[in-house]
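Remarks on the structure that follows.
The values are calculated or read from the model by the stated rules, or taken from the named source; none is laboratory data. From a predicted model like this one, the values you see are computed outputs, not experimental measurements. Virtual Cβ from ideal backbone geometry, glycine too; neighbours counted across all protein chains shown. Heads up: the accessible areas ignore ligands, DNA and RNA and are worked out on the full protein's heavy atoms, side chains in. Shrake-Rupley method; radii C 1.70, N 1.55, O 1.52, S 1.80 Å.
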Amino acid sequence: MFVAVEGIDGVGKSTIIMKLKDMLERTGYRVYITAEPSQTPIGRLIRDWLLKSGSKVAHPSVFALLFTADRVQHYYGEVKPMLDDGYLVITERYMESTLVYQGAMGLPMDWLMELHKFVPRPDLTIILDAPTEVVISRLRSRHELEVFETDREFLNRARELLLRRASLNNYPVIDAVRNPDSVTNDVYRLIINALRRVI
Ligand code: TYD
């Protein structure tokens, strides 16, 4: 099974996924964790160039094209081989990230969807949610802020789009303001229930 964990910056995706891996492995599952931007050369280009220089050097469409190209390469080069090998694959960020971040940059949703024509859908998409004020104060205490992290209005737009996408597609939304163990428990339960349905 292929699971995508989505949410705006600072919502706690990495922490929850790490804890989740432990819990699932203790239950007996073989778990493979990955993330986007990925470790492919396209992912590296995104991190080293695009996210460092920001929207001053590139048109929003370049963001959408590179993130989506990275996704196709990530899926076929890394995710699919692990799924074929019997792993439960969990990715931190997937197509919803492009739909809502590049959507928040002003790109039309139907074009972003069209770009994802060759992107296989996850079996389960889980949204971690917290108010923008909460994530910004978490990010501030963590590190120097990255390009999208400094802009409260932008993150607000991305969050709203994500919540709209969630209700449209029936993605479960988990309240991520609580302590990490409760959040992880909720996500764990969603995955176990979904696994029971597919097996
Ligand atoms: P992030 O998850 O913060 O990666 P890292 O932990 O390696 O810094 O992602 C980097 C930024 O890229 C983040 O602000 C979200 C943004 N992003 C998009 O705008 N579109 C996308 O499709 C993806 C995957 C990420």
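Assorted remarks:
- Residue within the range 113-132 that is open to solvent by 40 Å² or more (accessible area, probe 1.4 Å), at pLDDT 95 or above, within 13 Å of the ligand (Cβ to nearest atom) and not in a helix (DSSP H, G or I) present: no
- Number of residues in the range 148-199 that are open to solvent by less than 40 Å² (accessible area, probe 1.4 Å) and closer than 18 Å to Arg121 by Cα: the value is 7.
- Counting only helices (runs of 4 or more DSSP H) wholly contained in the range 30-98, no element carries 3 or more residues that are in contact with a Leu (Cβ under 6 Å, 6 or more places away or on another chain), among the aromatic types (Phe, Trp, Tyr) and farther than 24 Å from Asp129 by Cβ.
- Any chance Ile17 is among the β-branched types (Val, Ile, Thr), within 22 Å of Thr150 (Cα to Cα) and open to solvent by less than 40 Å² (accessible area, probe 1.4 Å): no
- Some residue of the range 131-154 being under 25 Å from Leu20 (Cα atoms), small (Gly, Ala, Ser) and touching a residue at least 12 places away in the same chain (Cβ under 8 Å): no
- Test: residue in the range 58-68 that is under 17 Å from the mean Cα position of the chain (by Cα), open to solvent by less than 30 Å² (accessible area, probe 1.4 Å), more than 11 Å from the ligand (Cβ to nearest atom) and aromatic (Phe, Trp, Tyr): no
- Scanning the range 132-154 for residues that are touching a Leu at 6+ places or on another chain (Cβ under 9 Å) and among the aliphatic types (A, V, I, L, M) yields Val135, Ile136, Leu139, Leu145, Val147.
- For the range 137-147, the count of residues that are under 24 Å from Asp186 (Cβ atoms) and either crowded, with 21+ Cβ neighbours inside 10 Å or modelled with pLDDT of 95 or more (or both) is zero.
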